[in-house]
Amino acid sequence: MKALLFKEFQMTFNWKTFVSYIALLFLIGTIFGHIQVALFAFTFALMHSSILEDDINDADVFINSLPVSRRMVVASKFLATMIEVALMLGTVYGSKIIVPLFSDLNWQTALLTFAGALILIGFYYTCYYVFGLKLLNVILVILFIMATVVFPILLNLNYLTKLIQIIQFLSEGIGLVIATSSSLLLVIVFYVISYKVYQRKEF
């Protein structure tokens with residue numbers, strides 16, 4: 001598992017990546033006061049970079065020849081991305097001690113943001129293992145188009161206000177517990193689906 005995690009970190013997370021995304025998060029936080037969108041974009045970039053590297057290097061064929069279980073291969077992708085996202089979020093949250101930015105980011109919103117990132121990680125990797133890279137790209141394009149069309153409609157129907165109220169509820173007390181536990185449960189379900197599909201594939 002250590003070797004698999006190291007492979008993931010080598011492919012996707014070096015000091016240049018860390019510095020560039022910290023700069024991006026600070027820039028967005030300074031201008032807009034929110035870093036959630038930037039963090040989700042960072043999570044997506046990490047995952048897409050990882051699977052593109054695997055596809056280019058035929059990593060599945062290589063890994064299949066190694067004495068590691070496919071369950072560990074899938075687990076390393078999930079775990080490595082979660083560690084990287086937690087590191088980035090922790091760095092930004094800790095920076096408030098030195099630089100008074102991100103006034104909206106307290107430990108509750110940080111935890112809720114991480115919970116959202118867990119769901120994104122689980123959904124993305126599950127789609128990749130179930131549908132493959134080419135179909136995943138099609139799905140992402142469809143989701144992007146839907147988001148650009150549906151979001152303005154929601155704004156006109158005042159659903160955004162209700163969404164904000166839900167997020168505020170989830171960031172406090174029992175709502176935060178429900179959101180965090182639900183995201184953990186979902187990412188476990190996504191992981192189980194992913195490795196079961198991956199185990200059945202032939203290379």
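Condition (residue is of a type in the set (A, V, I, L, M, F, W, C), buried (at least 18 other Cβ atoms within 10 Å of the Cβ), modelled with pLDDT under 70 and under 30 Å from residue 91 (Cβ atoms)) applied to region 167-179: is it met by at least one residue? Yes; the residues of region 167-179 include at least one that is of a type in the set (A, V, I, L, M, F, W, C), buried (at least 18 other Cβ atoms within 10 Å of the Cβ), modelled with pLDDT under 70 and under 30 Å from residue 91 (Cβ atoms). Quick check on region 63-71. Is at least one of its residues buried (at least 16 other Cβ atoms within 10 Å of the Cβ), closer than 21 Å to residue 187 by Cβ and either modelled with pLDDT of 70 or more or of a type outside the set (S, T, N, Q) (or both)? Scanning region 63-71 turns up at least one residue that is buried (at least 16 other Cβ atoms within 10 Å of the Cβ), closer than 21 Å to residue 187 by Cβ and either modelled with pLDDT of 70 or more or of a type outside the set (S, T, N, Q) (or both).
Given the conditions (1) more than 14 Å from the chain's Cα centre (by Cα); (2) buried (at least 19 other Cβ atoms within 10 Å of the Cβ); (3) at pLDDT 75 or above, report the number of the one that residue 112 does not fulfil. The one condition residue 112 does not meet is (1).
The values are calculated or read from the model by the stated rules, or taken from the named source; none is laboratory data. What you are looking at is a predicted structure, and each value in this text was computed from that prediction instead of being measured. Cβ: placed from backbone, ideal geometry, glycine included. Neighbour counts: every protein chain shown.
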